[in-house]
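Note sheet for the following structure.
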Amino acid sequence: MTTELRQSWEAYWGEVAQAGETALFDSPSATAAAVHLRRCMPHVDPALPIIDLGCGSGRQTVRLAESFTRVIGVDIAEPALAIARRDNAAANVEYRQVDLLEDAAVAALATELGEVNVYVRSVLHQLSSDQQQRVLRGVAVLLGHRGVLIVHELTTLTRWVIRSFIESEEAAPVKFARLQRHFGMSAATLQDEDRQLDVLLTRHGLHVIESGDDTLQTTQLDADGAPIELPTAWALARNPLS
Ligand SMILES: C[S@@+](CC[C@H](N)C(=O)[O-])C[C@H]1O[C@@H](n2cnc3c(N)ncnc32)[C@H](O)[C@@H]1O
């Protein structure tokens with residue numbers, strides 16, 4: 001990962017911790033991981049470990065631990081892992097600092113753990129095409145023959161909605177403004193190629209089992225006190241059966 005993006009994530013999570021707040025995308029797990037689990041359970045072997053790639057505060061990770069024997073949350077940002085270890089610990093969950101873009105680190109996980117399921121929520125959208133290719137190549141190695149990828153991502157439509165908040169004539173809601181400050185979600189960033197999730201996964205050699213539209217319930221409240229929701233996408237995928 002570029003040092004710049006890593007520093008941005010560390011600064012973002014440091015500020016969230018210092019403010020004693022939740023991150024914008026730290027949805028209640030009942031609206032996120034629990035929903036993804038219901039969709040994936042018919043297709044996964046819960047006896048395989050599951051890795052939460054880019055686990056952030058661990059709010060979703062710890063929910064995975066109710067359905068899987070062993071859960072490993074990995075993230076680049078130490079301040080996020082500190083929140084996860086403090087707030088979202090469980091006997092069958094561990095948190096580790098790993099850069100998903102370091103091939104050797106991902107290969108070491110595969111060697112140590114064998115085939116695993118993989119959960120990815122709101123991580124791929126921020127990467128360049130080359131970085132997505134690298135991460136999805138690593139995911140394919142981690143999945144092996146039996147693992148299933150459970151993925152929930154922001155799409156072009158999500159970016160359009162975020163931009164409408166950031167560029168509105170009224171002040172951007174505070175948690176959207178924090179993201180913009182750290183990641184510069186400017187119009188230039190948002191004018192990206194249309195990367196639909198199932199197209200992205202298929203292009204990188206994965207077999208999509210199911211996919212569809214989703215919603216991300218943010219922790220930012222609107223003027224009426226209701227959580228702002230973002231349109232997103234979900235998919236389940238595996239390596240093609242040979
Ligand atoms: C938008 S947050 C989502 C966090 C969590 N998956 C969730 O749904 O709440 C993206 C996370 O990916 C992590 N991340 C970004 N690039 C990474 C990388 N190269 N390796 C590991 N983690 C990374 C960030 O630190 C951040 O915690």
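Over the chain, what is the mean sequence separation of C-alpha contacts under 8 Å (at least six apart), divided by residue count, expressed as relative contact order in percent?
Averaging sequence separation for qualifying contacts and normalising by length gives 20 percent for the chain.
Calculate I(q)/I(0) for region 42-160 by the Debye formula, one identical point scatterer on each C-alpha and no solvent, and give its log10 at q = 0.10, 0.15, 0.18 Å⁻¹ to two decimals.
Debye output, listed in q order: -0.27, -0.63, -0.92.
With no solvent and one equal point scatterer per Cα, compute the Debye intensity ratio I(q)/I(0) for region 84-242 at 0.09, 0.15, 0.19 Å⁻¹ and report its log10, rounded to two decimals.
-0.35, -0.94, -1.29
Could you work out [θ]222 nm for the chain from helices alone, using -39500 (n - 2.57) per DSSP H run of at least four and dividing by all its residues? Round to the nearest 500 deg cm²/dmol.
The helix contribution divided over the chain gives -11500 deg cm²/dmol.
By average Cβ neighbour count within 10 Å, what is the ranking of 99-106, 214-221 from highest down?
The densest-packed peptide leads the list: 214-221, 99-106.
Between Thr111 and Asn92, what is the label-point separation in nm under the 7 Å Cα-to-beta-carbon projection?
Computed distance between label sites Asn92 and Thr111 equals 2.8 nm.
For helix 78-87, what angle does its Cα long axis make with the longest principal axis of the chain, in degrees from 0 to 90 and rounded to 10?
The angle comes out near 80 degrees.
Between beta-carbons, use under 13 Å as the cut-off and find the net charge around Ile50, counting Lys and Arg +1, Asp and Glu -1.
-1
Every read-out reported here was derived from the displayed coordinates using simple, explicitly stated rules and does not represent laboratory data. The model shown is predicted, which means the values in this text are computed figures rather than measured ones. Cβ coordinates were reconstructed from backbone atoms using ideal geometry, including for glycine residues, and neighbour counts include every protein chain displayed.
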